[in-house]
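The values are calculated or read from the model by the stated rules, or taken from the named source; none is laboratory data. This is a predicted model, so every value here is computed, not measured. Note: ideal-geometry Cβ built from the backbone for every residue, glycine included; neighbour counts use all protein chains shown.
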Amino acid sequence: MFDVIIIGAGPAGLTASIYLARSGKKSLVLEAKSYGGQIINTLDIENYPGLNHVSGFDLATNMYNQAKELGATIKFEKVVNIKNTTKEKIVITREGNEYKSKAIILATGNEKRKLNLDNEEKLTGRGISYCATCDGAFYKKKIVMVNGGGNTAIEDALYLSNIASKVYVVHRRDTFRADMKTINLLKEKDNVEFIYNSVITKINGDEKLESVEITDKDNNKKVINIDGLFIAIGAIPENENFKNVVNLDNSGYIITNEDCHTSTSGIFAAGDTRGKELRQLVTATNDGAIAANEAIKYINNLE
């Protein structure tokens with residue numbers, strides 16, 4: 001029996017485990033993939049207070065090691081179901097294990113949103129990527145395209161502009177949602193071309209990506225030959241397995257109050273998985289601390 005089971009080892013989950021460990025509570029962190037969440041793929045973080053520059057990998061690794069050193073148990077298993085009873089909460093993993101706790105913190109983050117076009121799945125890893133910092137090095141002196149208009153897309157394009165010979169940036173609107181500083185840096189690059197009010201409508205290639213079809217708002221189409229396509233059009237929450245125990249909004253995010261309480265007593269949500277306005281590294285760690293504190297109070301009241 002654990003005091004708290006944390007589902008997800010991103011910044012929110014790891015922060016929660018650190019706070020729980022320091023309070024003397026026994027916690028288990030279950031992670032389906034790798035620790036760090038999406039932040040682990042960020043090359044350079046400039047907006048985390050107190051750290052002018054830090055890579056996402058280094059920061060996530062430091063969080064992971066800190067949690068382990070403080071005594072948190074971390075296992076790499078995918079949670080597929082939660083059973084809520086009056087006496088305990090039971091977490092079931094894909095690996096066939098069951099773990100019991102007094103409280104749960106959901107910190108599962110998001111999954112990269114797909115274009116859902118023919119050939120997308122087939123050519124993923126063969127010209128299509130969802131992580132520029134992971135795969136950008138394969139496109140040195142080649143022609144690439146970034147699809148999206150948020151911070152991730154603009155940061156990806158900026159990173160790729162220092163590697164590729166040409167970078168197209170395709171966005172469905174006429175303005176970007178990213179930070180103005182990053183947008184301005186990208187606009188200074190000579191090898192970057194912006195394509196506004198347009199979407200990708202076809203992905204062409206057999207064994208590898210060869211080109212994409214772009215359609216603008218007036219339904220004009222054109223084909224652009226590229227070697228690599230980096231898709232950065234947002235994310236979707238991974239909460240389908242928890243809809244039986246917590247309420248979700250229309251977009252699939254967990255509904256909480258500002259104290260990270262869900263609709264179920266003893267189950268809390270932290271980070272990008274919950275419905276909120278701003279999803280950033282600093283808000284994820286903030287959520288992790290709050291959720292841990294609320295879980296501690298919940299357990300203490302039980303006892």
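A few notes on this one:
- Among the candidates 188, 238, residue that is more than 30 Å from residue 4 (Cα to Cα) and not aliphatic (A, V, I, L, M): 188
- Failed item in (1) in contact (Cβ under 8 Å) with a residue 60 or more places away in the chain; (2) over 17 Å from residue 44 (Cβ atoms), with residue 167 passing the rest: (1)
- Flag if residue 155 is acidic (Asp, Glu), within 15 Å of residue 230 (Cβ to Cβ) and in a helix (DSSP H, G or I): yes
- Qualifying positions in the stretch 126-158 - on the phi > 0 side of the Ramachandran plot and over 17 Å from the mean Cα position of the chain (by Cα): 127, 141
- Any hit, the stretch 135-144, residues being modelled with pLDDT under 95, in contact with a Ser or Thr (Cβ under 7 Å, 6 or more places away or on another chain) and closer than 28 Å to residue 280 by Cβ: yes
- Strands (runs of 3 or more DSSP E) fully within the stretch 80-145 counting 2 or more residues that are without any contact (Cβ under 8 Å) to a residue 24 or more places away in the chain: 89-93
- The stretch 176-188 - residue that is assigned to a loop (DSSP other than H, G, I, E, B) and either at pLDDT below 95 or touching a helix residue (DSSP H, G or I) at 6+ places or on another chain (Cβ under 6 Å) (or both) and, of those, farthest from residue 117 (Cα to Cα): 179
- Strands (runs of 3 or more DSSP E) completely within the stretch 1-77 that count 1 or more residues being touching a residue at least 12 places away in the same chain (Cβ under 8 Å) and surrounded by 21 or more Cβ atoms within 10 Å (Cβ to Cβ): 2-7, 27-30
- In a residue-by-residue description of the stretch 275-294, the property of being of a type in the set (Gly, Ala, Ser), assigned to a helix (DSSP H, G or I), at pLDDT 95 or above and surrounded by fewer than 23 Cβ atoms within 10 Å (Cβ to Cβ) applies to at least one position.
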